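Notes to accompany the following structure.
The values are calculated or read from the model by the stated rules, or taken from the named source; none is laboratory data. As the structure is a prediction and not an experimental result, all values here were calculated from the model. Backbone-built Cβ (ideal geometry, glycine too); neighbour counts: all protein chains shown. When the accessible area is computed, the model is the full protein with side chains, heavy atoms only, and any ligands, DNA or RNA have been set aside. Shrake-Rupley method; radii C 1.70, N 1.55, O 1.52, S 1.80 Å.
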Amino acid sequence: MKKFIYIFIVLMASLNLNAQNAETEKQGIVSFISSENVYVKFASTVGIHTGDTLFYKINNKYQPGLVITELSSISCVGKLIGAIKPTLSTTLFAILKPDFPLEVAIEKTNESVSVNDEVIQGIKKNEKNTDISGRFSVSSYINTASNPLVLTTPNFRLKYNLAFNADSIAGSGFSFENYMSYTHTLFNPNEDYKDLRIYNLALKYDFKNKASLIFGRKINANTANIGAVDGFQFEKKLKNFTVGALIGTRPNDTTYSLDTKLFQYGAFVSHNYQKDLRTMQTSLAFFNQTNQLVTDRRYLYLQHANSLIKNVDFFGSAELDLYAVENNIPINDFDLTSIYVSLTYRPVKELSLSASFDARRNVYYYETYKNRIDSLLEKEMRQGLRFRFNYHPFKYFSWGGTAGYRVQTPTSHESMNAMSYLTYSSLPWIDASLTVSATALSTSIYSGFIYGANMSKDFLDGKLALDVEYRKAQIFAQDIAEIGVMWRITNDIILSTDFEATFEENNTTGRIFFNISKRF
């Protein structure tokens with residue numbers, strides 16, 4: 001644990017040199033102007049939605065520019081608002097908002113996406129949800145294999161996702177939020193898989209004296225890395241301070257289901273400060289966790305989020321255990337057992353640098369359905385020390401990458417990984433986006449390289465998008481080919497499908513992913 005303390009001190013002392021992995025804005029370039037619309041191209045529009053506003057940045061302040069009416073994977077169309085008229089190559093910015101997890105993005109990304117991190121992003125962006133918003137989606141997963149020793153019967157799963165937010169219901173003090181999924185198998189007598197995951201399900205009442213009471217399952221933004229609490233949470237605002245108490249149970253570590261044996265209670269005090277779009281938040285909490293009403297953990301939790309320094313964003317959390325059992329005798333203790341720090345630094349608008357260190361205990365990850373290579377990458381890149389960079393030296397071109405190192409611990413082995421990519425988002429004549437990437441991974445068991453290339457193209461004014469990808473994984477001697485189609489049927493309904501084939505010496509595996517999503 002002394003190594004973790006040393007790394008924490010080093011990272012805290014180098015706030016101006018490192019960065020965190022979450023961007024709060026995306027930069028786009030005006031690519032075409034018609035009599036009625038303005039077309040803006042991005043490296044990716046993940047996190048941007050129809051109805052969002054794009055902004056000019058003048059004297060480091062945001063000025064509204066246009067409202068998005070149509071959207072594709074790499075570009076958008078919008079209507080002008082305000083008096084400023086853009087020209088070709090004008091830069092516009094999208095301020096990313098907290099959103100329900102995008103099922104397709106979660107499934108396809110090589111990196112793990114955690115419930116805790118969704119809450120952390122909401123802290124740094126400090127955005128409010130709309131009065132009523134939601135999403136319902138249905139996804140299907142089909143796995144096939146040519147070798148019957150690998151898979152005798154095609155695996156067919158269905159997954160339903162529901163997310164819903166309602167603020168100030170009927171003008172009252174009640175609000176409701178929910179995100180849940182249900183997965184089950186079909187047509188396979190050898191596998192009867194059923195899984196209900198409730199990530200968030202909470203009813204909130206706001207009193208007129210700046211107090212609120214929450215009942216249900218929710219991660220509190222003031223104690224984001226503690227994890228979810230199933231029970232009651234009370235908060236009271238006193239000018240820039242917030243005090244609160246939490247009582248209930250914690251979810252089962254394996255299934256994330258309700259577990260009444262894991263009773264816990266705690267209290268916190270938080271200080272919040274905001275100036276323009278810059279914020280600072282600090283929390284100190286005390287928690288006592290039990291197992292069958294017998295204390296098995298008592299600890300302090302510290303959290304700090306800060307975006308007050310220009311072009312710098314920081315988030316950190318740590319847990320200090322106050323209780324331990326040695327030789328079956330309870331003793332008072334003082335041990336740093338969990339830590340997470342992340343930092344973002346943007347020295348110029350074209351360059352973003354980031355660093356993070358992850359040794360958290362209370363993290364739960366969204367369910368994914370990945371192939372063997374992506375599952376390995378997710379496992380090996382999840383924790384440890386991490387560096388990132390994103391660089392846009394000139395129009396349409398971007399270069400980025402990550403590097404990670406995980407130290408040897410009693411529960412994990414040492415590993416190193418690195419990835420870099422190059423993207424050109426407007427190829428001549430075909431107006432497509434091309435990305436080439438390379439990944440290196442070294443663990444105590446596996447070692448090798450993964451090379452890949454991806455091309456994406458929009459059609460029908462962004463209503464249809466096509467993605468084609470090829471990867472060569474030397475680790476398992478695999479060739480992986482993938483083709484995906486996204487169709488925006490309406491502004492609220494999106495249909496997407498992906499087919500992936502993995503070629504090995506004695507087996508060919510096919511994976512089909514289908515998703516239809518409806519916003520409301």
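Worth pointing out:
- Region 437-495 and region 287-348 have Cα centres lying 37 Å from one another.
- Dipole axis of region 473-520 (+1 Lys, Arg; -1 Asp, Glu on Cβ), positive-most option in F514, N491, F503: N491
- A dipole drawn for region 155-308 from +1 and -1 charges on Cβ atoms has a positive end, and of A224, H304, N291 the residue lying farthest that way is H304.
- Approximating the spin labels as points 7 Å out from Cα along Cα→Cβ, the F514-to-A83 distance works out to 5.4 nm.
- When each of K57/K85; K41/K395; K79/K395; K159/K518; K159/K194 is checked by Cα-Cα distance, pairs over 18 Å: K79/K395
- Net charge contributed by nearby residues that have their C-beta within less than 11 Å of T242 (K/R +1, D/E -1): +3
- Amide hydrogen proximity for Y364: with H placed 1.01 Å from N in the peptide plane, the residues at 5 or more positions away or on another chain lying under 5 Å are V115, N116.
- Extension gain, L351 to Y182: 0.36 nm times the residue separation minus the Cα-Cα distance gives 56.8 nm.
- Within region 391-477, all pairs of alpha-carbon atoms sorted by distance into 10 Å bins from zero give the percentages 15, 35, 27, 16, 6, 0.
- Computed from point charges on the beta carbon alone (+1 for Lys and Arg, -1 for Asp and Glu), the dipole magnitude for region 428-520 about its Cα centre is near 260 Debye.
- Here the relative contact order of region 240-361, from alpha carbon pairs under 8 Å that lie six or more residues apart, stands at 15 percent.
- Residue separation of Y470 and L213 scaled by 0.36 nm, minus their Cα-Cα distance, works out to 87.5 nm of gained length.
- Summed residue charge, Cβ within 11 Å of S433's Cβ, Lys/Arg positive, Asp/Glu negative: -1
- Space enclosed by the convex hull of the alpha-carbon atoms of region 240-356, per residue, Å³: 149 Å³
- Projected label points at F394 and M455, each 7 Å from Cα along the beta carbon direction, are separated by 2.3 nanometres.
- With the convex hull constructed from alpha-carbon coordinates only, region 423-520 shows a mean projected area of 8.5 nm² over all directions.
- Taking the Cα centre of region 261-344 as origin and assigning +1 to Lys and Arg Cβ atoms and -1 to Asp and Glu Cβ atoms, the resulting dipole is close to 360 debye.
- Within the accessible area of region 172-217 (1.4 Å probe), percent carbon and sulfur: 62 percent
- Average accessible area per residue (Å²) across region 395-520 - probe 1.4 Å, nucleic acids and ligands excluded: 52 Å²
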